[in-house]
Protein chains: 4
Amino acid sequence: MNTIGQLFSVTSFGESHGSHVGCVIDGCPAGLLLDLDQMQTQVNRRKSNQSAFATTRHEEDQLEMMSGLFESTTTGAPICILIKNKDVKSEDYDLLKDVYRPNHADYTYAAKYGIRDHRGGGRSSVRVTAPLVAAGDIAYQLLRHQTAIQTTAYVSQIGTVALPNRNAYSHLDLLDIDANELRCPDEQVARQMKAHIDAVQAEGDTLGGVITCVIKNVPVGLGEPIFSKLHAQLGHAMLSINSVKGFEYGYGFASCAMKGSEYNDAFVMKDGKVHTHTNFSGGIQGGISNGNDIFFHVAFKPISSIRKTQQTIDTKGEDVSLHIEGRHDVCAVPRAVPIVEAYANIILADAILQAKQSTL
Amino acid sequence: MNTIGQLFSVTSFGESHGSHVGCVIDGCPAGLLLDLDQMQTQVNRRKSNQSAFATTRHEEDQLEMMSGLFESTTTGAPICILIKNKDVKSEDYDLLKDVYRPNHADYTYAAKYGIRDHRGGGRSSVRVTAPLVAAGDIAYQLLRHQTAIQTTAYVSQIGTVALPNRNAYSHLDLLDIDANELRCPDEQVARQMKAHIDAVQAEGDTLGGVITCVIKNVPVGLGEPIFSKLHAQLGHAMLSINSVKGFEYGYGFASCAMKGSEYNDAFVMKDGKVHTHTNFSGGIQGGISNGNDIFFHVAFKPISSIRKTQQTIDTKGEDVSLHIEGRHDVCAVPRAVPIVEAYANIILADAILQAKQSTL
Amino acid sequence: MNTIGQLFSVTSFGESHGSHVGCVIDGCPAGLLLDLDQMQTQVNRRKSNQSAFATTRHEEDQLEMMSGLFESTTTGAPICILIKNKDVKSEDYDLLKDVYRPNHADYTYAAKYGIRDHRGGGRSSVRVTAPLVAAGDIAYQLLRHQTAIQTTAYVSQIGTVALPNRNAYSHLDLLDIDANELRCPDEQVARQMKAHIDAVQAEGDTLGGVITCVIKNVPVGLGEPIFSKLHAQLGHAMLSINSVKGFEYGYGFASCAMKGSEYNDAFVMKDGKVHTHTNFSGGIQGGISNGNDIFFHVAFKPISSIRKTQQTIDTKGEDVSLHIEGRHDVCAVPRAVPIVEAYANIILADAILQAKQSTL
Amino acid sequence: MNTIGQLFSVTSFGESHGSHVGCVIDGCPAGLLLDLDQMQTQVNRRKSNQSAFATTRHEEDQLEMMSGLFESTTTGAPICILIKNKDVKSEDYDLLKDVYRPNHADYTYAAKYGIRDHRGGGRSSVRVTAPLVAAGDIAYQLLRHQTAIQTTAYVSQIGTVALPNRNAYSHLDLLDIDANELRCPDEQVARQMKAHIDAVQAEGDTLGGVITCVIKNVPVGLGEPIFSKLHAQLGHAMLSINSVKGFEYGYGFASCAMKGSEYNDAFVMKDGKVHTHTNFSGGIQGGISNGNDIFFHVAFKPISSIRKTQQTIDTKGEDVSLHIEGRHDVCAVPRAVPIVEAYANIILADAILQAKQSTL
């Protein structure tokens, strides 16, 4: 339930208001010299740089490596990663104790488990992704040891402001996604997004958006039919990220309106390798990578906590008005960019280990 | 790799041109009296009724129950289901032996496994879903034993013809989806779809589309955070169906352009139960069902085999022109309706067994 | 529940009186040209050659390969194996319908599943191992493709007749275990065993025994700490065979009475390789193979069905006397020899695939 | 690889000389109020009370609960348990850096992973079982919430001193196993064991032994055919404990020399329940518990680290003499008693959750 990956397997634990969040990686091969600074950098990306529209809860998110390393090199034993939660006064959340906040997981968790940890999101908080970003970077270092894979995610839509055609990315500069705080590779669109966010922040409202992920230099042959297809595993991972409502790869929903003759990617030889002339498929055919770029889109709903007054019920079923004061996040999508990358890398690392088993 | 579900677990085997296709269900509780006719009916729905635009390969698809039953009742032992493949002359496929058909899995399978079964799609054929539709009906019978769940899928888009708003379904009659051969619950739209198909068929081209699935009377509490969220498992299952390029639940990609105040579903009490006033969430919050309708959309690309001449390469990397004569499928989307339902029911049955473990 | 192995994974299905027994192998790499005759030979060994003391239910046990092969070569797709059960008149078992036979699984299955298939052992019958012997031979062919591994099991004890020291096997000829029907590599002991069986058969009683398995030419490094240690997986597999009551490897229980200085295996170099001077450890240290012979012993209880009258109860809880007429098996241990080998080979094949993942 | 249990699933991490050892429990139902003191008591039992023959490395083994609890009650989220390792000067181990100690896992780990953490046993150290004892106590508290199960392990043999008949335990007082430091329920035998240990300690040598475990008040119906039989899972767990060489349940290897008529357990009714008159089977038939006591025996080899000089090789393959000074453990078997109980309880808790799924 709390594990992703079959061979490169990551088990998550921790709640937003427990002492730590963490994860255990089982199956990372021995002999990988880890760049721990790079891992910390990725974890920092999950929270930083977005002063204008994100809350000021400053968590240090210092990685603690508990096991599985000897002189920074993996030993083949499970790797446990911890991140300490900042002390939060529980009373800050006492007013939420008896209320089911709209679109949060308060009600479903209480109904399912018969117990409620009302201090923030508990297990359903996006905070639990912090150590998983570190796990994702280990996956990336493993991938980079053997391949030239490059995984880059970026923001392609915030609210009603979007890149003109999210399936066209070849003209974009994907090398410095963090150049602006929106993590949108088109500066002009980024400015429009920022204006949109500012306006919505003034209203006390929130926004969602779309993250696009492009993976270059993918080896041919990743993905396992028929229930571990590469895109199904990527989709599963993306749909596991908080607030995600949809996933499509290649031309996705747009392909439904195309004809076969428009959509089919013709095979061609290029530099002695099999390529396809176009890439409507998004780099995966029959669930297996074909060597072209993999690209996919992930839909995020707007943040649930708004500053406007909302109608809801309390735990006794009585109607209540909920009004939450103070600063609030307007849009979490840019912060989710390293999460998308991390989850993609975990799936790819798992797939690359799996693919070792395909032939004798 | 070939298994879906943790507790209600289904393992697929078989190829389109082997002797049989089949599956093994492990974890079905003992004591369920199976309606085998109903299972056969569902399997038949996968191929029938679409004479106008589907190929005439008539497979009988007679279910054979190999194990796990005693006097038609489940015993707790694994249930093996077989369906015999119709004998097909291998030479029918000999002209495809050395060609990589565009958008088929020919190339990726050959590259991954170093071996090629050129007789039709082999393992990548949609034929392997036939016994899985039967497994899905066992799942449904299990679900219906304990709940009033109703799983209904239907076609909401074919090519450029779509229901006006695929997120609005309350006015549709979902009781007799098979009333027209398009499996579209709006007769007028169905007629437009048919006209679209006829036109495209005349061109020798093909179409994709969208299937929408609505699940009513879902118990609260299905789905397991954080990597077995109900929608992530549904998404994984749907993305495992041949030709699927995207999945979204609730308002999906449309939610990205909404504000939090528009999107949030207010909690209300109704008949002593917790409901939400609206259902933008699609019945799942924090990965757990909240008792509202679950609904989701599945995107299918157009069929790969077109009658038009296509450029591709052969296994030696030489350019070739590919032209396939004869009748061909124009659109497989209506035939995929029972597959979508079956896979959804497998996930739900698994989730309902999992949910037994949530509390003491 | 019905699956063994993580990467070379075998799922069993079928009952003794259903139409077929079978299994599905998932994870066998593509490109292995299978010797199907050798598989059939192993399956035949499970029932043949023991006319003197085994029942005459002659089952043909003809293997049917349902999937996963193309021109006898594995394709990477799941391999389904079927064996048809001989038609048995259900009424032959009708007298057992309401009786719980002592030491059979009648009572525990009925209590657990609330349903009883009284026709023979049903799912608990050793008959279900027949296709697993075939799966084990595929595992062996996979192992032999890459290594010189040799897996040999033999009978080291029947009732009170045993090889003098079951931990000493170097003087035994393990090349032709089937030379006598007892599958005991010491002809003189085999004759004593036969006399013992004859005497016990005359009494209408039954016997158990011990099977020893020796695996030579094992690569170093098989086995995964700390819950997939090689010996723990072998033990798990052996304890899954019907009637098995114990498992020990190396000097096993005998090691408990030894001192460390007696038991420790000194490391030495031999032909440029690391060996141990002695092999009390049985070829596994810290759960990982060290390159020496692996050897282990498996304890089988006597057969439950005796011809003597026994006291038991019926399904209503009333005392009854049970007397079963006709010929009966006296000792099933020799027939279990190919099962022990098969299960060992499945574990080894799984371990050799796993070991690919240990290092970069 | 590092996980045991399917539904009550425990993943181990940590090395003897890393910062912490720990584990993550996934699948513990919500709503269990944990007695944390009792958990700590069990963990303390793993090291205490054996001053006479165990080393003086005093580790505090203070449990830290990192996640999964709210006000000491399980929430359904994964439970992470940590125990800090005492700081150990690495240089203490520097003399072992280039030596393969006989019967330790030094060589096999180095050969498998290509990297060696020479500081003590690393991942292969029994130290990793400390948090697993805590996990086992959570399992026990879960079991006790719903049943009257009692799991008691004790020492039945040390070296050549053994209880007269290890299969007869009904006369033993199992209520206070810790009454003597040997954890042997027969005081007289315990004194003989102590004398044996003292003599062997004077020689600088070591001993192994046998632990017997008796589980009373077991519900009928635990265990899942055919590869998750209850005894196979218990055996797998026991064989996962450091130094274990064998496992038998019921009359085990002794049953091989019995006749069917001697061994068969006659069914009888007692207080309206099905029992067996005798219990040679050890409470499990067909892999499923029958309600009688489960009992089994676990064989431990002698400790590998002896004070006598031993011949071995170094990492370059050169012969070396190894002589280790200082105090040393003579016998670890009494300390393994809580480990045996813990692992048994994990398997039983898993089985009791699994059994919920057997019927509708």
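The values are calculated or read from the model by the stated rules, or taken from the named source; none is laboratory data. Every value quoted in this text rests on a predicted model; they were computed, and no experiment measured them. When we count neighbours, we look across all protein chains shown, and the Cβ atoms used for this are built from the backbone with ideal geometry, even at glycine. These accessible areas exclude ligands, DNA and RNA; they are computed on the full protein's heavy atoms, side chains included. Shrake-Rupley method; radii C 1.70, N 1.55, O 1.52, S 1.80 Å.
Summary of values
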| quantity | calculated |
| --- | --- |
| Peptide C:262-272 - average C-beta neighbours from other chains (10 Å radius) | 6 |
| C-alpha long axis of helix B:230-239 to longest principal axis of chain B, angle in ° | 10 |
| Global geometry of the stretch A:3-356, whether rounded, prolate or oblate, following the gyration tensor of its Cα atoms and the 1.5 cut on a/c | oblate |
| Cα-centre dipole for the stretch B:213-282 with unit charges at Cβ (Lys and Arg positive, Asp and Glu negative), debye to 20 | 60 |
| Electrostatic dipole magnitude of the stretch D:3-356 [Cβ: Lys, Arg +1; Asp, Glu -1; Cα centre; debye, to 20] | 520 |
| Separation in nanometres of the label points that stand 7 Å from Cα toward Cβ, at B:Ala168 and A:Gln150 | 4.5 |
| Computed over the stretch B:3-356: relative contact order in percent, which uses C-alpha pairs under 8 Å that are six or more apart | 23 |
| Debye, to nearest 20: dipole size of the stretch B:219-360, +1 on Lys, Arg Cβ, -1 on Asp, Glu Cβ | 100 |
| Helix B:129-146 vs. chain B, principal-axis angle (Cα, 0 to 90°, nearest 10) | 10 |
| Helical mean residue ellipticity (222 nm; -39500 (n - 2.57) per DSSP H run of 4+; nearest 500) of chain A | -8000 deg cm²/dmol |
| C-alpha long axis of helix C:36-45 to longest principal axis of chain C, angle in ° | 60 |
| Per residue accessible area in Å² of the protein assembly as shown, where ligands, DNA and RNA are left out and the probe is 1.4 Å | 33 |
| Ranked by how many other beta carbons lie within 10 Å on average, peptides D:77-86, D:169-178 from highest | D:77-86, D:169-178 |
| Number of partner chain Cβ atoms within 10 Å, mean per residue of B:159-169 | 1 |
| Rotation relating C and A, chain A residue nearest the axis via C-beta, angstrom | A:Lys356, 3 |
| Approximate spin-label separation D:Gln40-A:Lys308, in nm, with each point projected 7 Å along Cα-to-Cβ | 5.1 |
| Pseudo-label separations to other copies for D:Arg191 - Cα-to-Cβ vector, 7 Å, nm | 5.2, 9.5, 10.3 |
| Distance from the stretch B:308-345 to the stretch A:132-155 (C-alpha centre basis), Å | 34 |
| Position A:Arg144, label points 7 Å along Cα→Cβ, spacing to each other copy in nm (shortest first, one decimal) | 4.6, 5.1, 5.5 |
| Heavy atoms of D:Glu203: accessible area, 1.4 Å probe, square angstrom to 10 | 80 |
| Label-point gap, in nm, between A:Lys316 and C:Thr315 - each point 7 angstrom along Cα→Cβ | 5.3 |
| Number of partner chain Cβ atoms within 10 Å, mean per residue of A:122-129 | 4 |
| Hz values of 3J(HN,Hα) by residue in the stretch A:162-177 - Karplus curve (6.51, -1.76, 1.60), Gly and Pro given as x | 9, 4, x, 9, 6, 7, 9, 10, 5, 8, 7, 8, 9, 7, 9, 4 |
| Label 7 Å beyond Cα on the Cβ vector: B:Asp87 copy-to-copy distances, nm | 2.4, 8.1, 8.1 |
| Accessible-area order (highest first, 1.4 angstrom probe) of the listed residues B:Arg127, D:Arg116 | D:Arg116, B:Arg127 |
| For the stretch B:172-234 versus the stretch A:194-252, the gap between their alpha-carbon centres in whole angstrom | 22 |
| Protein accessible area in the protein assembly as shown, 1.4 Å probe - carbon and sulfur % | 48 |
